[in-house]
1. Tell me, yes or no, whether region A:136-145 has at least one residue that is more than 10 Å from every other protein chain (Cβ to nearest Cβ) and touching a residue at least 12 places away in the same chain (Cβ under 8 Å).
2. When you scan region A:147-167, do you find a residue that is in a helix (DSSP H, G or I) and either touching a His at 6+ places or on another chain (Cβ under 8 Å) or of a type in the set (Lys, Arg) (or both), even just one?
3. Could you please give the count of residues in region A:113-125 that are at pLDDT 95 or above, more than 14 Å from every other protein chain (Cβ to nearest Cβ) and not in a loop (DSSP other than H, G, I, E, B)?
4. Does at least one position in region B:77-92 carry a residue that is more than 19 Å from B:ILE10 (Cβ to Cβ) and among the charged types (D, E, K, R)?
5. Find the residue count for region A:57-74, including only residues that are in a strand (DSSP E or B) and at pLDDT 95 or above.
6. Restricting to region B:2-17, count the residues that are buried (at least 20 other Cβ atoms within 10 Å of the Cβ) and either out of contact with any Phe, Trp or Tyr (no Cβ under 7 Å at 6 or more places or on another chain) or under 17 Å from B:LYS186 (Cβ atoms) (or both).
7. Of everything in region B:161-183, what is within 7 Å of chain A (Cβ to nearest Cβ), buried (at least 17 other Cβ atoms within 10 Å of the Cβ) and not β-branched (Val, Ile, Thr)? Give them in sequence order.
8. For region B:187-199, which residues satisfy the criterion of being at the interface with another protein chain (Cβ under 8 Å from one of its Cβ atoms), surrounded by fewer than 21 Cβ atoms within 10 Å (Cβ to Cβ) and part of a helix (DSSP H, G or I)?
Protein chains: 2
Amino acid sequence: MSQVRGNLFILSAPSGAGKSSLINALLQQHSDMQVSVSHTTRAPRPGEQNAKHYHFVSEAEFKTLIDNDDFFEWAQVFDNYYGTSKAAIEQQLANGIDVFLDIDWQGARQVRELAPDVTTIFILPPSKAELENRLTNRGQDSADVIAGRMAKAQSETSHFDEYDYLVVNDDFDTALAEIETIVKAKRLSISAQRVKHNELIHDLLK
Amino acid sequence: MSQVRGNLFILSAPSGAGKSSLINALLQQHSDMQVSVSHTTRAPRPGEQNAKHYHFVSEAEFKTLIDNDDFFEWAQVFDNYYGTSKAAIEQQLANGIDVFLDIDWQGARQVRELAPDVTTIFILPPSKAELENRLTNRGQDSADVIAGRMAKAQSETSHFDEYDYLVVNDDFDTALAEIETIVKAKRLSISAQRVKHNELIHDLLK
């Protein structure tokens, strides 16, 4: 069996769908899955470490990376830039790691252009009421901020049908198992298997 | 949750890959999976029952079905005709049954034209030696017949890369679990999930 490249996945979701917890659980349980670490110009939040949570760079550095075509996708969100480095992902994939991009629908569109074989997954909360509940229970924001988040969640959700797969995060373990199923199925796709079983195929056809 | 249509799958393999045993095990373990029953003009073999193994019809009847555009796909193999009825499959899918078509690469091409959302799976034996072994151990055929089968197996195998998924039937239970993974993943696809979770999506977007 030949060294198999990892597969590239995009996970998108409205805020409050539980995407981060699902990703954390996935990475904890599978050493052959990683997230890509994004670059950003925003300031680190308490507890965030450089190169682990983000590569924190200046706006000038970020713009140089853009000019050098070093990003898979990048976006400006308010005053901050966010981007996904091509080089880092290529290295992970070449090592057989399945890489998850935690990006929104705009980033997903950019990545699809450059990597048509990417597998895209959209995660939904189980109900609008539960979404409101989750966004409220964070207890850190005003009603206005929550209403703004609900509107943003709705806007993100409106792009669900641009994705390959839809996972509803009602029961956490079920949602986790469903993402694992999608990852396993991708490993069985002809593009992955023809590399893995190259010798067998060669043998059968000679 | 709305009534979800079943999904359509094609399973193809060279003779000797173990496809029939895998399909039988799948159907035994999942009441929501069925195979389509094909029409054929060939004579029933000992033990074969009409409407269970095949719909056995005359050549005249078969040609009438062709003229009426009643087949999803059909093929002439030597002197016999084989075909898959559209009506039967549509009924199964409408009832939420996942339907497996046990057809070759030529049939697969025809079905893909009519049903682009079909999921196609190709099954391979673990090695050429094992394939030879399996075809020989049947003990019913001459060396010439076996050589002919090996050539036919190679010809069928040469079309593996027209399929979405590749499963290598080395360990039977592993191969079975892999087919189940592909079926489960298809149920998570946006086309299936948007029907199943129609109310949720409507709720989140209103």
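The values are calculated or read from the model by the stated rules, or taken from the named source; none is laboratory data. This is a predicted model, so every value here is computed, not measured. Here the Cβ is made from the backbone with ideal geometry for all residues, glycine too, and neighbour counts use every protein chain on show.
1. The answer is no; no qualifying residue exists.
2. yes
3. 0
4. Checking region B:77-92: at least one residue is more than 19 Å from B:ILE10 (Cβ to Cβ) and among the charged types (D, E, K, R).
5. So the count comes out to 0.
6. Number of matching residues: 10.
7. B:TYR163, B:ASP164, B:TYR165, B:LEU166, B:GLU178
8. Within region B:187-199, B:ILE190, B:ARG194 qualify.
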